[in-house]
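Colleague: Dumping the structure here so I can ask a few things about it.
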Amino acid sequence: MSELTFEQMLEESLKTIRNGEVVDGTVIDVKPDEIILNIGYKADGIITRSEYTNESNADLTTMVSVGDTMTVKVLKVNDGEGQVLLTYKRLVAERGNERLKEAFENKEVLKAPVTQILGGGLSVVVDEARVFIPASLISDTYEKDLSKYQGQEIEFVISEFNPRRNRVIGDRRQLLVAAKAEKQKELFEKLAVGDKVEGVVKNVTDFGAFIDLGGVDGLLHISEMSWGRVENPKKVFKVGETLTVLVKDIRDTKIALSLKFPETNPWANAAEDYAVGTVITGKVARMTDFGAFVELAPGVDALLHVSQISRAHVEKPSDVLSVGQEIEAKIVDLNESEKKISLSMKALEPAEAAEETEAAEE
């Protein structure tokens, strides 16, 4: 029986490997663009930069050290130069896909940083496996600018898993919708008509403002913004402003809000403040052919009929009055239930002055 040479014995002591096999190795050298491993084979294994990381300009010497152990996958046993080509990135990605498959089947919530902003959505990486989140599944509201998500860690679920077609879809929207629904449920359980709550102005329109009460929006209609008259809500409120509002009504998921607090109701003490016979100062708010409406306080308008403007004949209010003009008049009638007040400037004029005016006109 012939004896084996040292080289033959050494070769037989080394394991055999195949393409696609997963092996363990020890780093024996690191260069900026490649890693060399001892994998217990007759040839060393090589991992290029592109097979280790997705970072195209990464310096591998800052990421791996001599002596580190690694589990890698064989790409090619002989690259033509007697070296074994290995991949670390693809093996991790395969394991990442297994992780994603498990998360998809269990409807697990995942958390990962956004690595790339794409035209139609975001790209995140879970254990080197990429997940695409379409723009329509990023938020429960339309977002035009996605750049704010760059580098941000976000939560999502896998809504579609088809690695063969390179289609792994993430969904963040359903988590936000579910969270909002839970917040709404909690808020509606403790919210009641008459409550005073704090909210933040979310949007302002011509007819009112939408107030975020903490996951639920309420409408502050223009007619409920003040006891007085509000012509343009956009001149009164700003987005982001914090307000204390009154819950006026709750119907299903709709909440009506108000800033007309009972304790500030200008009609609360009308019997005393606007008693018949009281002489009061007010400002002309608007005019019609039959008279002028005079604001006595925010939310309290009184009618000065054209016949009560002067003892002298007045054809129409605009002949002697103007909007914004401050006048003094006497309260001649108060109807508290209908919130109506009648004024008279004529009642403050001396009778003699009126007679002299009439004589002069003759």
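The values are calculated or read from the model by the stated rules, or taken from the named source; none is laboratory data. On a predicted model such as this, the values are computed, not experimentally measured, just so you know. Heads up, the Cβs are rebuilt from the backbone with ideal geometry, glycines too, and the neighbour counts pull from every protein chain shown. Protein only, heavy atoms only, side chains kept; ligands, DNA and RNA dropped before computing areas. Shrake-Rupley method; radii C 1.70, N 1.55, O 1.52, S 1.80 Å.
Colleague: So in region 274-306, with the set limited to residues that are surrounded by 13 or more Cβ atoms within 10 Å (Cβ to Cβ) and of a type in the set (Gly, Ala, Ser), which one is farthest from the chain's Cα centre (by Cα)?
Modeller: Result: 291.
Colleague: Taking the residues in region 160-199 that are of a type in the set (Val, Ile, Thr) and open to solvent by less than 60 Å² (accessible area, probe 1.4 Å) as candidates, determine which candidate is farthest from residue 224 (Cα to Cα).
Modeller: My answer is 168.
Colleague: Show the residue pairs that are 6+ apart or on different chains and have beta-carbon atoms under 6 Å apart, the first residue being within region 48-59 and assigned to a loop (DSSP other than H, G, I, E, B), the second being modelled with pLDDT under 90 and open to solvent by less than 60 Å² (accessible area, probe 1.4 Å).
Modeller: As it stands, the answer is 52/89, since those pairs meet every condition given.
To keep it simple, each residue is scored yes or no on (1) in a helix (DSSP H, G or I); (2) within 30 Å of residue 49 (Cβ to Cβ).
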| site | (1), (2) |
| --- | --- |
| 93 | yes, yes |
| 100 | yes, yes |
| 103 | yes, yes |
| 122 | no, yes |
| 133 | no, yes |
| 144 | no, no |
| 175 | yes, no |
| 179 | yes, no |
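Colleague: If you don't mind, there's one more thing I want to ask. I'd like the full set of residues that are more than 14 Å from residue 287 (Cβ to Cβ), part of a strand (DSSP E or B) and of a type outside the set (Lys, Arg), limited to region 308-344.
Modeller: 326, 328, 329, 331, 332, 333, 334, 335, 341, 342, 344
Colleague: So, one more: Take residue 268 and decide whether it is more than 18 Å from residue 210 (Cα to Cα), open to solvent by 20 Å² or more (accessible area, probe 1.4 Å) and either part of a loop (DSSP other than H, G, I, E, B) or among the acidic types (Asp, Glu) (or both).
Modeller: yes
Colleague: Another one. Restricting to region 18-46, name every residue that is open to solvent by less than 30 Å² (accessible area, probe 1.4 Å), touching a Ser or Thr at 6+ places or on another chain (Cβ under 9 Å) and not in a loop (DSSP other than H, G, I, E, B).
Modeller: Matches in region 18-46: 23, 25, 27, 30, 35, 37.
Colleague: Any residue in region 14-40 that's farther than 11 Å from residue 70 by Cβ: show its pairings with residues that are assigned to a loop (DSSP other than H, G, I, E, B) and of a type in the set (Lys, Arg) at Cβ separation under 6 Å, as long as the two are six or more apart or on different chains.
Modeller: 14/42; 40/15
Colleague: Mind listing just one residue for me: the one in region 60-91 that is farther than 20 Å from residue 32 by Cα and surrounded by fewer than 12 Cβ atoms within 10 Å (Cβ to Cβ) and, of those, modelled with the lowest pLDDT?
Modeller: That would be 80.
Colleague: For region 229-247, name all the residues that are outside any loop (DSSP other than H, G, I, E, B), over 20 Å from the mean Cα position of the chain (by Cα) and surrounded by 11 or more Cβ atoms within 10 Å (Cβ to Cβ).
Modeller: Matches in region 229-247: 233, 245, 246, 247.
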